[in-house]
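See structure below.
The values are calculated or read from the model by the stated rules, or taken from the named source; none is laboratory data. Predicted model, so just to flag it, every value in this text is computed and none were measured. Counting neighbours? That spans all protein chains shown, and the Cβs are built from the backbone with ideal geometry, glycine included.
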Amino acid sequence: MRYYTAIVHQEGDSAFGLTFPDLPGCFASADDWDDIPSAANEALDLWFEDMPSVAPASLSEIRARPEVAEALRAGASLLSVPYIPADTAVQRVNITMERGLLQAIDETAKARGMNRSSFLASAARRELTGAA
């Protein structure tokens, strides 16, 4: 998993805007701070659909860039965004967990119209990235 730095901008009561210094043209917006992880991950997924893999710069390299320093002086903040590349290949795994927890997972997955695997994958992605 890679972590890309986003610059989070907000003017007044407007939506939050995100740009990624390492990824020209990659941007997102979110109406609420809590929606930023989902918006950021969606933007990264879309950007990497058509662009080659890019290694993220270190935080010190990002901060040293003049345009980033200017954005920070203007009130922006930096946010580290974990990114799991979209990969449609599936892999079968064997896991062990408490029976009661497994029953709760199965009941919840069924209520949401999901199977166990998709529920667990969704929960893991949300836990790792903060995005559904």
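Taking the conditions (1) in the same structural domain as L128 (by TED's automatic domain parsing); (2) surrounded by fewer than 11 Cβ atoms within 10 Å (Cβ to Cβ) in turn, S14 satisfies each one other than (1). Go through the stretch 30-77 and give me each residue that's free of Cβ contacts under 8 Å to residues at least 60 places away in the same chain and of a type in the set (S, T, Y). S53, S58, S60 - these are the residues of the stretch 30-77 that are free of Cβ contacts under 8 Å to residues at least 60 places away in the same chain and of a type in the set (S, T, Y).
The set of residues in the stretch 1-45 that are closer than 18 Å to L59 by Cβ and of a type in the set (S, T, Y) comprises Y3, Y4, T5, T19.
For first residues located in the stretch 12-29 and of a type in the set (S, T, N, Q), partners that are assigned to a loop (DSSP other than H, G, I, E, B) and lie 6+ apart or on another chain with Cβ distances below 8 Å form the pairs T19/C26; S29/A15.
In the set R99, R2, only one residue is basic (K, R), surrounded by fewer than 15 Cβ atoms within 10 Å (Cβ to Cβ) and either over 13 Å from the mean Cα position of the chain (by Cα) or farther than 30 Å from L120 by Cβ (or both); that residue is R99.
The residues of the stretch 4-22 that are in a loop (DSSP other than H, G, I, E, B) and touching a strand residue (DSSP E or B) at 6+ places or on another chain (Cβ under 7 Å), listed by number, are Q10, A15, F20, P21, D22. Is it the case that some residue within the stretch 45-65 is aromatic (F, W, Y) and within 13 Å of A6 (Cα to Cα)? Checking the stretch 45-65: not a single residue is aromatic (F, W, Y) and within 13 Å of A6 (Cα to Cα).
Taking the stretch 46-91 only, how many residues are over 16 Å from R125 (Cβ atoms) and either among the small types (G, A, S) or not assigned by TED's automatic domain parsing to the domain that holds V8 (or both)? Within the stretch 46-91, residues that are over 16 Å from R125 (Cβ atoms) and either among the small types (G, A, S) or not assigned by TED's automatic domain parsing to the domain that holds V8 (or both) number 13.
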